[in-house]
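The values are calculated or read from the model by the stated rules, or taken from the named source; none is laboratory data. Note that the coordinates shown come from a computational prediction; the quantities given were computed from them, not determined experimentally. Using ideal geometry, Cβ is built from the backbone for each residue, glycine included, and neighbour counts are taken over all protein chains shown. Note: areas computed on protein heavy atoms with side chains; ligands, DNA, RNA excluded. Shrake-Rupley method; radii C 1.70, N 1.55, O 1.52, S 1.80 Å.
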Amino acid sequence: MGNKLKRFFLLSSNSLVMGVILALVGGFLDAYTYITRDGVFATAQTGNTVLFAVRAASPEYNGAIQNVPPFLAFVAGVLVAEYIKDKHTKHGRAILILECSLLFIVGCLPGSVPNMLITMCIAFVSSLQIATFNKLENWSYNSTITTGNLRTAAQASYAAFVEHDPESMRKFKGFAAIILSFIGGALLGTFSSTYLGNRAIWIAAGIILLTVFLYQKSKENMAEGQSSNNSGI
């Protein structure tokens with residue numbers, strides 16, 4: 001019982017618990033930027049790209065320029081994540097520490113700081129998270145965008161409920177938990193941003209800080225550690 005409880009709180013990069021926590025943060029950050037930064041969604045770049053095209057095709061095409069910096073910040077985050085993966089064996093924890101630090105700094109910035117700078121920071125943090133933590137067990141998922149997760153859950157639900165496939169049922173439950181956590185994060189982000197303003201982002205930083213202490217590289221590593229303990233090594 002004690003070992004099972006310990007393994008539950010040791011978060012692996014591809015575990016359901018880690019996915020649920022990161023989806024909570026993803027939903028929180030979207031709500032935070034929407035409430036405190038003039039209705040902007042900074043974690044996903046699909047809408048940003050569409051807005052760029054719409055504004056570029058309009059008479060006031062100069063407005064399209066404002067959509068470029070978050071896009072570039074997102075790309076930069078992916079590149080930084082890949083660099084850290086290449087240079088550090090414990091890259092997962094390094095990414096979490098960097099994400100937590102940036103979110104804390106954003107909460108310290110005064111309200112006079114331009115929204116564009118904050119949006120770029122959030123886009124950068126989001127891409128770090130997406131590029132590093134993108135597996136739910138053996139399945140690909142996204143902790144800051146729900147479209148792909150919703151599609152996967154819907155596909156799994158058909159095989160689970162129509163074909164009675166137990167693996168698909170497990171997959172459906174996992175992705176349903178991710179989606180519900182994202183919604184919960186958005187609700188938490190909305191309420192906290194409404195009452196706490198810009199400092200609300202410290203809540204997200206605190207959640208990420210918790211994962212820093214509980215993080216393990218993968219489920220396989222956890223299993224190996226458990227096997228070592230059992231053999232007395």
Accessible area, probe 1.4 Å, largest first, for residues Lys90, Lys171, Lys135: Lys90, Lys135, Lys171
Theoretical FRET efficiency, 1/(1+(r/R0)^6), r = Cβ-Cβ of Ile97 and Glu137, R0 30 Å, to 0.05: 0.80
Gaussian network model of the chain, springs between alpha carbon atoms under 10 Å - residue of Phe182, Phe28, Phe172 with greatest fluctuation: Phe172
Listed pairs Lys85/Lys173; Lys90/Lys135; Lys135/Lys171 exceeding 23 Å between Cα atoms: Lys85/Lys173
Of Thr49, Thr132, Thr144, the one that fluctuates the most in a GNM where the chain has Cα springs shorter than 10 Å: Thr49
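Which value in deg cm²/dmol, rounded to the nearest 500, describes the helix-derived mean residue ellipticity at 222 nm for the chain, given -39,500 (n - 2.57) per DSSP H run of n ≥ 4 and division by the residue count?
Details: 10 runs with 169 residues, N = 233.
Mean residue ellipticity, 222 nm, calculated: -24500 deg cm²/dmol.
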Förster radius 35 Å - calculated FRET efficiency between Asn115 and Gln155 (Cβ-Cβ, nearest 0.05): 0.40
Highest-fluctuation residue, Ile84, Ile95, Ile122 considered, GNM on the chain with Cα pairs under 10 Å: Ile84
Cα principal axis extents for the chain, largest first, Å: 68, 43, 37
Length-normalised contact order for the range 14-136 - Cα pairs under 8 Å, 6+ apart - percent: 36
Per-residue SASA entry for Asp38, accessible area with 1.4 Å probe, Å² rounded to 10: 120
Kirkwood-type radius of the range 96-205, with distances r between different C-alpha atoms, in Å: 15.7
Net length gained if the chain between Phe213 and Glu167 were fully extended (0.36 nm per residue, minus Cα distance): 13.5 nm
